[in-house]
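*Asks:* My questions will all concern the structure given below.
Values quoted throughout were computed directly from the atomic coordinates according to the rules given, and no laboratory measurement underlies them. Bear in mind that the values here come from a model prediction, so they are computed numbers and not experimental data. With ideal geometry, Cβ positions are generated from the backbone for all residues, glycine too; neighbour counts draw on all protein chains shown.
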């Protein structure tokens with residue numbers, strides 16, 4: 001963000017794009033998408049987004065404080081929020097646990113939808129990708145040279161290469177793993193460069209113990225992590241899968257079934 005502060009033209013363009021994003025956000029109405037109240041300049045030279053206070057913190061902070069919380073049910077609700085965004089042509093592009101907040105009543109809400117697409121644009125930063133690499137799909141970490149970026153704010157966001165609804169599904173799969181294990185994807189890897197090579201070469205994170213990740217969940221995650229973006233399920237399919245899985249897990253727990 002330093003480049004925005006020092007470049008007046010870049011800052012004006014950033015503020016214009018951010019304003020458009022806020023207007024788009026304020027038209028959204030879904031229980032699992034956090035509402036955006038507006039913008040403020042009270043915290044420095046760069047506009048800050050205003051959201052309702054979520055005293056429970058992120059989903060990762062919430063499950064740490066509430067280890068008995070039904071994680072699959074929470075994730076199914078989050079998937080419903082992403083399906084709502086995708087139905088409106090909105091690509092999130094930075095899905096991870098820290099961007100899912102929990103309301104006081106325990107409802108998960110997605111925040112920062114589309115924000116990273118603005119921050120990462122070449123006009124504003126030198127980075128070609130946005131967000132932590134451990135949640136990113138291979139087509140984002142190693143985009144094809146024969147395809148061009150289309151990041152015009154008025155274009156169809158689903159065509160913003162390399163970000164798409166399919167890249168969101170991959171990242172959401174990594175977020176599911178993060179929530180269920182309480183650890184970042186590829187937590188066994190110390191260096192991000194090694195993680196990037198794993199992802200590009202199609203090496204998934206190691207499977208946790210079955211008591212943490214069931215066969216059904218692990219199978220679903222592998223579908224989310226398919227190398228070919230179009231081979232991944234739509235987020236609506238992931239939502240239905242999660243909904244079925246948490247109800248099945250609840251039944252097993254209720255009747256103490258193995």
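*Asks:* By count of other Cβ within 10 Å, fewest leading, how are 171, 231 ordered? Present the calculation step by step, with values, prior to reporting the outcome.
*Replies:* Working: 171 28, 231 10.
By the 10 Å Cβ count, ascending, the order reads 231, 171.
*Asks:* So for 112, 168, 215, fewest C-beta neighbours within 10 Å to most, what's the order?
*Replies:* Least crowded to most crowded, the residues run 215, 112, 168.
*Asks:* Along the Cα-to-C-beta direction of residue 248, a point sits 7 Å from the Cα; which residues of the range 204-240 have their amide N less than 12 Å from that point?
*Replies:* The answer is 214-221.
*Asks:* A further question on this structure: What nm value, rounded to one decimal, do you get for the distance between residue 141 and residue 236 when each label is placed 7 Å out toward the C-beta?
*Replies:* 3.1
*Asks:* Once you put a point 7 Å from the Cα of residue 193 and another 7 Å from the Cα of residue 228, both along the Cβ direction, what distance in nm separates them?
*Replies:* So the two model labels end up 3.3 nm from each other.
*Asks:* Next up: Could you calculate the FRET efficiency of residue 209 with residue 37 from 1/(1 + (r/R0)^6), where r is the beta carbon distance between them and R0 is 41 Å, rounded to 0.05? List each step's numbers first, then the result.
*Replies:* Numbers: r = 42 Å, r/R0 = 1.03.
It comes out at approximately 0.45.
*Asks:* Continuing with the same structure: Based only on other Cβ atoms within 10 Å, what is the fewest-to-most ordering of 178, 142, 16?
*Replies:* Listed from fewest to most nearby Cβ atoms, that is 16, 142, 178.
*Asks:* Subtract the Cα-Cα distance of residue 70 and residue 218 from 0.36 nm times their separation in residues, and report this length gain in nm to one decimal.
*Replies:* 51.6 nm
*Asks:* Regarding the range 174-258, what are the three Cα extents along the principal axes, ordered largest first, in Å?
*Replies:* Largest first, the range 174-258 extends 45, 29, 16 Å along its Cα principal axes.
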